[in-house]
Amino acid sequence: MARNLDPKCRQCRREGEKLFLKGEKCFTDKCSIERRSYAPGQHGQRSGQRMSGYGIQLREKQKIRRLYGVLERQFRKVYAEADRRKGQTGENLLQLLEGRLDAVAYRMGFGVSRAEARQVVRHNGVLVNGKRVNIPSYTVKPGDTVELTESARGQLRVKASIEAADSRGFPEWIEVDAKAGKGVFKAYPQRAELPQTINESLVVELYSR
């Protein structure tokens, strides 16, 4: 399985904002964005550089890809499906990304980051409607029940992750029983419920060229 092995903090610095790729560290003053808010590399501190329209669109696409941990080929497939569906393509895109099993597991607190939630899924630690599913890109449908296996629930890291997520609160589109390590994916999130720092219309413009 192909993965993006670039350092997580470097990815956040490249996009100039927190992508929450390192779990709890992102909520502390040890976050790299808090310490070095400029882009990585030799010329990272240069300011005043103007970016073309294409460059701005490309950066937004890369940001969304990194945020959800999706590679280019996977992202294009998700975009093609979003474009086929009724409604606004940009909103469909974000809903499909949030409907991935690894994203749902992360939102339910099964991992402190999307990468850790993906690992729990890959290691057979998640059940969907009572059946074991180990494919991170599996599409969770509204009404599906997602829960941890008994062995996964016993892991200290998973317990700590669920407790941390419970203390921060869960999104409106999922319902979670933190003690039982299970939840229900109630519906696809509305655009207003997702981060306003994402500008999905730029991605639509990029792929419409």
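The values are calculated or read from the model by the stated rules, or taken from the named source; none is laboratory data. Since we're looking at a predicted model, the values are computed, not measured. As a convention, Cβ positions derive from the backbone with ideal geometry for all residues, glycine included, and neighbour counts pool all protein chains shown.
Select from the range 80-108 the residues that are among the aliphatic types (A, V, I, L, M) and under 14 Å from L148 (Cβ atoms) and write down the one among them that is surrounded by the most Cβ atoms within 10 Å (Cβ to Cβ). Within the range 80-108, the match that is surrounded by the most Cβ atoms within 10 Å (Cβ to Cβ) is M108. Residues in the range 177-195 that are surrounded by 15 or more Cβ atoms within 10 Å (Cβ to Cβ) and under 20 Å from N124 (Cα atoms): A178, G181, K182, G183, V184, F185.
For the condition closer than 18 Å to S137 by Cβ and touching a Leu at 6+ places or on another chain (Cβ under 9 Å), G69 qualifies.
Would you be able to say whether some residue in the range 98-116 is without any contact (Cβ under 8 Å) to a residue 40 or more places away in the chain and more than 14 Å from the chain's Cα centre (by Cα)? Within the range 98-116, none of the residues are without any contact (Cβ under 8 Å) to a residue 40 or more places away in the chain and more than 14 Å from the chain's Cα centre (by Cα). The residue list G111, G130, G154, G143 contains one member that is surrounded by 20 or more Cβ atoms within 10 Å (Cβ to Cβ) and not basic (K, R), which is G111. Residues of the range 75-94 that are farther than 24 Å from S161 by Cβ, of a type outside the set (G, A, S) and assigned to a helix (DSSP H, G or I): F75, R76, K77, V78, Y79, E81, D83, R84, T89, E91, N92, L93. So which residues in the range 191-204 are free of Cβ contacts under 8 Å to residues at least 40 places away in the same chain and out of contact with any Asp or Glu (no Cβ under 8 Å at 6 or more places or on another chain)? Selection gives A192, P195, Q196. Is it fair to say A105 is at pLDDT 95 or above, outside any loop (DSSP other than H, G, I, E, B) and under 30 Å from S208 (Cα atoms)? No. Where helices (runs of 4 or more DSSP H) sit wholly within the range 147-209, those with at least 2 residues that are hydrophobic (A, V, I, L, M, F, W, C), over 30 Å from I56 (Cα atoms) and at pLDDT below 95 occupy 156-168. Regarding the range 133-140, can at least one residue be identified that is surrounded by 14 or more Cβ atoms within 10 Å (Cβ to Cβ) and part of a helix (DSSP H, G or I)? No, the range 133-140 contains no residue that is surrounded by 14 or more Cβ atoms within 10 Å (Cβ to Cβ) and part of a helix (DSSP H, G or I).
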